[in-house]
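The values are calculated or read from the model by the stated rules, or taken from the named source; none is laboratory data. Just so you know, these numbers come straight off a predicted model, no measurement behind them. Cβ atoms come from the backbone with ideal geometry, glycine included; neighbour counts cover every protein chain shown.
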Amino acid sequence: MRNPMPYSLSASTDILPDMFHAFLRPIRQGAEDGAVGMGMGVDLTESDADFVLKAEIPGVPKEDISVEVDDNIVTIRANKEQNKEDKNEGRVIRQERFWGQIERTIALSQSINEPEVRATYQNGLLTLTLPKKADREHRKIQIE
């Protein structure tokens with residue numbers, strides 16, 4: 001009878017835990033170091049009249065943010081540059097930088113009245129007020 005596991009997974013072989021730790025290390029380091037991720041956190045609320053979308057985009061000037069609305073699709077793009085330095089007596093110990101474009105696209109459950117959209121940006125928080133289009137009345141068709 002042939003051994004179904006030709007390779008031994010003995011206690012002396014710690015390759016699997018090491019692989020998992022290596023795979024997760026960048027995620028854990030970013031969280032432990034307090035580094036801001038390259039993502040864009042959003043909150044979305046809905047009322048009868050509109051949607052309110054709040055997106056965190058800290059450290060980005062409003063001139064580097066663009067918002068597009070197409071029917072029920074909202075796209076937010078931002079050019080982001082992130083610099084962080086830890087110094088010790090004038091020597092740079094660590095330097096982290098990120099530059100690039102971040103983007104979020106969100107599909108809403110209803111079409112947006114595009115001319116009425118309002119956007120504000122304060123303290124790294126973009127707030128979009130997205131009024132819903134009035135529902136078209138469905139017309140019943142008489143069959144002749």
Step by step: first the residues of the stretch 27-40, then only those that are surrounded by fewer than 14 Cβ atoms within 10 Å (Cβ to Cβ) and outside any loop (DSSP other than H, G, I, E, B), then the one that is modelled with the highest pLDDT. Which residue is that?
Ile27
Which of the following residues is closer than 26 Å to Gly39 by Cβ and at pLDDT below 80: Arg139, Arg97, Arg118, Arg77?
Arg97
Within the stretch 101-144, take every residue that is among the β-branched types (Val, Ile, Thr) and loosely packed, with under 14 Cβ neighbours inside 10 Å and give me the one that is farthest from the chain's Cα centre (by Cα).
Ile143
Count of residues meeting criterion [at pLDDT below 95 and of a type in the set (A, V, I, L, M)] in the stretch 50-64
2
Among the candidates Asp71, Asp14, Asp43, single out the residue that is at pLDDT 95 or above and either surrounded by 11 or more Cβ atoms within 10 Å (Cβ to Cβ) or over 21 Å from Thr120 (Cα atoms) (or both).
Asp43
